[in-house]
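See structure below.
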Amino acid sequence: MAFETVNGQKVFSAMTGTTYIFADYFVVFKGDNVSPEIYEWSRITSITETMDYITVSIGSDTYKIERAAFNSDDHFLAVRTIIEGQVALYPDIKYKFNKRILPLKYLYRNICPTNAYVLQGFYEEKVINSCNVALVIARYGRFIFLFTLVLIAVIFGVVISIMGNIEENWIYCLPISVFTGIIISIVAYLIIGIIARHKFNSIRKVDPATQKEITVVVAPEGFAAVETGVYTGHDLIPWSEANFFIETHIGLVVLRDNKSVFWLPKSFIPKNQQSDIFGMIASRVRQR
């Protein structure tokens, strides 16, 4: 199991007076004089993470743990790591979660890397925004181009219908149509770009990991991007889980199922290692 060396965590809910332990088992203490309820993770039916609670459901029993019950962000992230490690073992658990910038822990496998590059740093907003805009171009660039061509044709038809004779007026209508179509497409692209640039801000509101130091690993066997506080040194996502990567002038992002799964800012990498690291990535996943 991935992240199996992360220490078990105890959480006390002042709201219910209940103590929970997240470890090899999920344990519930409802009082000092009551025997604990010990659950195997395979019995858990669903886990839901929201901004305010983590809710664990086991059959007809539901345990709601308020975010205030966690002593710190690191405490919360450690519990979340344990949960996602168990979800990897028991995929029948229905797991709902907030938006993330880091890959989900259940994608990891217990793999000891060889000849790995281990890098550390903080994710900066400008790096993530740059990569998000590059993703927009990669995903929607061809559609925006086709949209522009169709828009030009439609505008040309409308202008001709207004001005009348096509043989006499096409030389005036065509530039108007091309100019108008391009302007509208540029506005649409800018709007999409603005939305992409605000993605990191929306994630930062719900995911404390965005404020933590990140350990990034690039190895022949796979890659990783985890909070330094829960980094184990032997958990990787295999390259087979990646589809392609996109490179910008300040960062690189690897995608899985057309969604970002691994962010690597160039500021993390010493200049004398950049060509080796990017070469290793390019040898294992295609670039778009």
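The values are calculated or read from the model by the stated rules, or taken from the named source; none is laboratory data. Predicted model, so just to flag it, every value in this text is computed and none were measured. Positions of Cβ are backbone-derived with ideal geometry, glycine not excepted, and every protein chain shown enters the neighbour counts. These area figures cover heavy atoms from the full protein model, side chains too; ligands, DNA and RNA do not enter into them. Shrake-Rupley method; radii C 1.70, N 1.55, O 1.52, S 1.80 Å.
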| message | Here is a check on your reading of the model: is Val253 farther than 30 Å from Asn7 by Cβ and open to solvent by less than 50 Å² (accessible area, probe 1.4 Å)? | response | yes
| query | If Ile277 passes every condition in (1) buried (at least 16 other Cβ atoms within 10 Å of the Cβ); (2) within 26 Å of His75 (Cα to Cα) but one, which one does it miss? | reply | (2)
| note | With the first residue restricted to the stretch 100-112 and required to be aromatic (Phe, Trp, Tyr), and the second required to be assigned to a loop (DSSP other than H, G, I, E, B), Cβ contacts under 7 Å at 6 or more apart or on different chains are Tyr108/Ala2; Tyr108/Phe3
| query | Can you pull out the residues in the stretch 113-129 that are within 15 Å of the chain's Cα centre (by Cα) and part of a helix (DSSP H, G or I)? | reply | Glu125, Val127, Ile128, Asn129
| query | How many residues are part of a helix (DSSP H, G or I) and crowded, with 17+ Cβ neighbours inside 10 Å if we restrict to the stretch 198-207? | reply | 4
| Is it the case that the stretch 120-140 has a residue that's closer than 30 Å to Ala78 by Cα, at pLDDT 80 or above and among the hydrophobic types (A, V, I, L, M, F, W, C)? | yes
| query | What are the pairs, 6+ residues apart or on separate chains, where a residue within the stretch 49-67 that is touching a residue at least 60 places away in the same chain (Cβ under 8 Å) has its Cβ under 8 Å from a residue that is of a type in the set (S, T, N, Q)? | reply | Met51/Asn98
| request: Starting from the stretch 238-266, keep only residues that are touching a residue at least 60 places away in the same chain (Cβ under 8 Å), then list their pairs with residues that are of a type in the set (Ser, Thr, Tyr) whose Cβ atoms are within a distance under 7 Å, requiring at least 6 positions of separation or different chains. | output: Thr248/Ser130; Ile250/Ser130; Gly251/Ser130; Val253/Ser260; Trp263/Tyr123; Pro265/Tyr123
| remark: Counting only residues that are surrounded by 21 or more Cβ atoms within 10 Å (Cβ to Cβ), within 25 Å of Asp73 (Cα to Cα) and touching a Ser or Thr at 6+ places or on another chain (Cβ under 9 Å), the stretch 208-224 contains a total of 2
| the stretch 144-157 residues that are open to solvent by 90 Å² or more (accessible area, probe 1.4 Å), paired with ones that are part of a helix (DSSP H, G or I) (beta carbon under 7 Å, 6 or more apart) | Phe147/Ser185
| Near pairs, Cβ below 6 angstrom, 6+ apart or cross-chain, from the stretch 172-183 (within 10 Å of Phe156 (Cα to Cα)) to any residue that is open to solvent by less than 50 Å² (accessible area, probe 1.4 Å) and of a type in the set (Asp, Glu) | none
| query | When only residues in the stretch 1-44 that are out of contact with any Ser or Thr (no Cβ under 9 Å at 6 or more places or on another chain), within 14 Å of Leu89 (Cβ to Cβ) and not in a strand (DSSP E or B) count, which is most open to solvent (accessible area, probe 1.4 Å)? | reply | Arg43
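State the number of residues belonging to the stretch 235-250 that are open to solvent by 40 Å² or more (accessible area, probe 1.4 Å) and in contact with a strand residue (DSSP E or B) (Cβ under 8 Å, 6 or more places away or on another chain).
Looking only at that region, the number is 4.
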| Would it be correct to say that Ile195 is over 21 Å from Asn129 (Cβ atoms), in contact with a helix residue (DSSP H, G or I) (Cβ under 9 Å, 6 or more places away or on another chain), open to solvent by 10 Å² or more (accessible area, probe 1.4 Å) and at pLDDT below 85? | no
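Restricting to the stretch 65-96, name every residue that is more than 19 Å from Ile214 (Cα to Cα) and surrounded by fewer than 17 Cβ atoms within 10 Å (Cβ to Cβ).
Answer for the stretch 65-96, where residues must be more than 19 Å from Ile214 (Cα to Cα) and surrounded by fewer than 17 Cβ atoms within 10 Å (Cβ to Cβ): Glu66, Arg67, Ala68, Asn71, Leu89, Tyr90, Pro91, Asp92, Lys94, Lys96.
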| request: Determine which single condition Lys99 fails, assuming it passes every other condition in (1) surrounded by fewer than 14 Cβ atoms within 10 Å (Cβ to Cβ); (2) at pLDDT 95 or above. | output: (2)
| task | Could you list, in sequence order, all residues of the stretch 54-80 that are part of a strand (DSSP E or B) and of a type in the set (Ser, Thr, Tyr)? | result | Thr55, Ser57, Thr62, Tyr63
| query | Among the residues of the stretch 102-143 satisfying the criterion of being surrounded by fewer than 16 Cβ atoms within 10 Å (Cβ to Cβ) and of a type in the set (Phe, Trp, Tyr), which is nearest to Ala224 (Cα to Cα)? | reply | Phe122
